[in-house]
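Take a look at the structure set out below.
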Amino acid sequence: MLAACVMTTRLPAAEVIPEGGRVLVVRLSALGDVLFALETVAAIKRERPDVIIDFLVEDRFESLLTDHPDLARVIVYPRRRRTRIPGSLLRLRRNQRYDVVIDLHAIQKSVLHVRFVRTALKLGPAAPAAREGAWRAYDRAVPMPDPLPHRADIGHRLLANVGLSGEPAPASLALIPPPTELLAGAPRPLVMLFPGTSAFATFKRWPVSRFVELAERLLARGLGVAAGFGPDERELVAPLLELDGVLPVDGTNLGLRGLAGALGHCDVVVAADTGPLHLAAVAGSRCVALFGPKNVARYGPRSHGEITHEVLFHDVPCRPCTRRDCVTPQCVLGIPVADVEAAVLRQLDRTSSATVMEKPS
């Protein structure tokens, strides 16, 4: 079933985006969704390397996109600097005209910017993928299937509506720094455990006590183990850091690019449904995702090429759900340590097999 909406006639890509044309991609937040939006950027560049792409994003994610090889300009929405008229609106108004604006966020905050842009075509998803009446701001609101596809695939479906193939393309990051000296000298294989989530999604966390038990099991097998954490999470991971042999990875000090470098250096990353999970996937690590309440088909880590990920959850009648809180989230609390350990070992086995296959005969 498709959501109802009014659309203009579909035009060939060459007519919508002329040679050397300009496209603005809008995805303000959050970390995982910004990474998903980079798939849209990669898909455009794969078929139309001549197209100039700008990206509008919140200031807290600017560092991840700066100097990205596929982006001509990163326009920053100053979320941390509250002003009556955001500087991003003024910069968009001063910029030259775009051929297409693609709104992947599709809420009132993104539409505020879309309305301000001088462009030939404003493109976004129809409801219910678009919320808060955002679809009314688009020249072309594209229907989405019911149930809704993965968040990254929404962008590909929008591209298919302007004459591009709409085939998925893996996201790529700007140049990321090498891992810290501590991690560079760590035992291999190396497994990163990332227990935290954003503050409003604490109910998606697997208990730290189980991360501790998992770390003990992995250390006993002779594996390298690191514990990653973000702002205000050092106390959360303190029980992990007390284990002899667990290496600390402070994402606050590293920043997003440094954290991407650390995650990409690991053979396997174990994390909840959180931004660092998706950052690890884009950085090239194999992931074991402890998913719990959310719909894997919409929010799961993206697999491309030889690298695939494992998603674990305890199946209960109420999952997946869209709740913002839960007193007893059995969907994640019911995941046994032994199952996570087994998933890590399977991923390590795949990593070893892939390494052998890449060696010249």
**Item:** Complete set of residues in the range 236-273 that are under 18 Å from the mean Cα position of the chain (by Cα), in a helix (DSSP H, G or I) and of a type in the set (Gly, Ala, Ser)
**Value:** Gly251, Gly255, Gly258, Ala260, Gly261, Ala262, Gly264
**Request:** Among the residues of the range 187-210, write down those that are at pLDDT 95 or above and among the aliphatic types (A, V, I, L, M).
**Result:** Leu190, Val191, Met192, Leu193, Val208
**Request:** Take the residues in the range 296-307 that are more than 11 Å from the chain's Cα centre (by Cα) and modelled with pLDDT of 95 or more, then tell me which one is nearest to Phe194 (Cα to Cα).
**Result:** Val296
**Residues located in the range 177-188, provided they are surrounded by fewer than 21 Cβ atoms within 10 Å (Cβ to Cβ), in contact with a helix residue (DSSP H, G or I) (Cβ under 7 Å, 6 or more places away or on another chain) and in a loop (DSSP other than H, G, I, E, B)** = Pro177, Pro178, Thr180
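Look at Gly224 and say whether it is in the same structural domain as Gln347 (by TED's automatic domain parsing), small (Gly, Ala, Ser) and touching a residue at least 24 places away in the same chain (Cβ under 8 Å). Give the derivation first.
Working: in the same structural domain as Gln347 (by TED's automatic domain parsing): yes; small (Gly, Ala, Ser): yes; touching a residue at least 24 places away in the same chain (Cβ under 8 Å): yes.
Against the criterion (in the same structural domain as Gln347 (by TED's automatic domain parsing), small (Gly, Ala, Ser) and touching a residue at least 24 places away in the same chain (Cβ under 8 Å)), Gly224 qualifies.
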**Prompt:** Quick check, is Val249 modelled with pLDDT of 95 or more, of a type in the set (Val, Ile, Thr) and over 18 Å from Glu306 (Cβ atoms)?
**Reply:** yes
**Item:** Residue that is farthest from the chain's Cα centre (by Cα) [pool: residues in the range 213-225 that are hydrophobic (A, V, I, L, M, F, W, C) and in a helix (DSSP H, G or I)]
**Value:** Ala220
**Fill in**
A careful count of residues in the range 155-176 that are farther than 18 Å from Leu31 by Cβ and assigned to a helix (DSSP H, G or I) gives 5
**Message:** For the range 327-347, give me the residue count where each residue is under 13 Å from His314 (Cβ atoms) and either under 24 Å from the mean Cα position of the chain (by Cα) or in contact (Cβ under 8 Å) with a residue 40 or more places away in the chain (or both).
**Reply:** 7
**Fill in**
Subset of the range 274-318, residues closer than 23 Å to His156 by Cα, among the basic types (Lys, Arg) and outside any helix (DSSP H, G or I), comes to Lys294, Arg302
**Message:** Go through (1) of a type in the set (D, E, K, R); (2) in a helix (DSSP H, G or I); (3) closer than 20 Å to Ile176 by Cα for Arg210 and report which single condition fails.
**Reply:** (3)
**Residues of the range 206-222 classified as touching a strand residue (DSSP E or B) at 6+ places or on another chain (Cβ under 6 Å) and surrounded by fewer than 21 Cβ atoms within 10 Å (Cβ to Cβ), total** = 1
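Have a look at Pro143, Pro128 and point out the one that is at pLDDT 95 or above, exposed (fewer than 15 other Cβ atoms within 10 Å of the Cβ) and out of contact with any Pro (no Cβ under 6 Å at 6 or more places or on another chain). Even if it seems obvious, please write down each step before you answer.
Values: Pro143 fails: exposed (fewer than 15 other Cβ atoms within 10 Å of the Cβ).
Only one candidate passes the filter, namely Pro128.
The values are calculated or read from the model by the stated rules, or taken from the named source; none is laboratory data. Computed from a predicted model, the values in this text were never measured in an experiment. A quick note on method: Cβ atoms are made from the backbone with ideal geometry, for glycine too, and the neighbour counts reach across all protein chains shown.
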